[in-house]
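What follows draws every value from the coordinates through simple rules; no lab data is involved. Note that the structure is a prediction, hence the values are computed from the model and not measured. FYI the Cβ positions are ideal-geometry reconstructions off the backbone, even for glycines, and counts take in every protein chain you see.
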Amino acid sequence: MPFFLHIATFVHSLFKSHRQLTLENLALRQQLAMLKPLVKRPHVDKEIRKLIRQMQSTNIGWGAPRIHGELLKLGIDISQATVSKYMVRQQKPPSQTWRTFLEKHANCIAGIDFFTVPTATFRILYVFIVLSHDRRHIVHFNVTALPTARWTAQQLVEAFPFDSAPCYLLRDRDAIYGEKVRQRIKSLGIEEVVTAPRSPWQNPFVERIIGSIRRDCLDHIIVLNERHLRRILFEYFNYYHTCRTHLSLNKDSPEPRAIEPPELGTIVAFPRVGGLHHRYARIAA
């Protein structure tokens with residue numbers, strides 16, 4: 001008899017009304033909500049929330065990781081999720097995705113590349129950069145309107161004086177790297193690594209710094225001539241090396257910055273790169 005009773009109960013449950021099922025689901029959700037522990041987020045001071053929005057509004061292209069790194073250097077220990085929560089939501093294009101690159105020998109690898117910059121008079125200038133993969137340090141750059149293999153070979157000599165050359169040099173297949181450049185690389189005791197055709201992702205660190213130069217600086221400035229471009233890049237690279245925090249360096253700059261605890265004083269913003277970016281530091285009152 002109990003067996004038939006269970007079957008009748010089961011059949012009856014199959015024909016429950018939608019209203020009854022909805023009420024049962026609400027009751028179950030209420031019970032689960034009562035069982036969950038109450039976790040409160042730590043309180044964030046109004047001054048810190050204001051500073052987060054100030055950093056976002058006064059620095060072009062700064063997202064939550066960059067602002068979080070800057071706050072860590074100021075001794076403000078909050079999570080990156082908290083920084084993202086208090087930022088102003090903006091419509092912006094998705095960032096470019098980069099392939100993971102082998103970092104085991106980063107301290108003995110350098111990358112080189114050219115990129116172009118148009119001027120106010122519609123001339124095209126070529127910028128040559130040499131990037132050390134260790135701490136993303138730009139060891140050399142120069143600007144020219146007429147790049148040649150001889151000129152490029154001379155830049156490599158200036159980039160690596162006094163036996164400071166790396167073990168490997170990563171480059172693409174541009175025709176500018178002719179016989180003179182290859183001979184100079186060999187004479188410096190460097191083994192060159194050539195990327196596959198049309199594969200800029202194989203030289204990711206240099207491609208990324210070029211993108212940063214454009215987004216952080218050159219997209220917001222009208223270049224007049226070679227001298228003007230050289231001065232702009234000198235100012236930006238000084239900011240890049242001493243101030244700008246990097247995800248790949250655990251949100252430190254290429255030249256390490258000390259963490260400044262709140263006891264050192266109030267936070268002051270110092271403009272860099274003509275006011276496009278700022279360095280934040282604590283100054284005693």
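Summing Cβ point charges (Lys, Arg +1; Asp, Glu -1) relative to the Cα centre of region 106-242 gives a dipole of roughly 220 debye. Inter-label distance, Arg123 to Gln30: 7.8 nm, where each label sits 7 Å from its Cα along the C-beta direction. Between region 184-202 and region 120-144, the alpha-carbon centres lie 17 Å apart. Each residue of region 106-242 gets 110 Å³ once the volume of the Cα convex hull is shared out per residue. Under a 5 Å amide H cut-off, with hydrogens placed 1.01 Å from N, Leu125 pairs with Val117, Thr119 among residues at least 5 apart or on other chains. Tell me, how many Å apart are the Cα centres for region 255-285 and for region 219-243? Each part reduced to its Cα centre gives a spacing of 21 Å. Remark on Arg279: its backbone amide H falls under 5 Å from those of Phe270, Arg272, a criterion applied only to residues 5 or more positions apart or on other chains, H modelled at 1.01 Å from N. Rounded to whole numbers, the Karplus 3J(HN,Hα) couplings from phi for region 262-279 are x, 5, 6, x, 7, 8, 10, 9, 10, x, 9, 6, x, x, 5, 9, 9, 9 Hz, using 6.51 cos²θ - 1.76 cosθ + 1.60 with θ = phi - 60°, and x at Gly and Pro. Note on Gln183 and Trp151: the model spin-label points, each 7 Å out from Cα along the C-beta direction, lie 2.0 nm apart.
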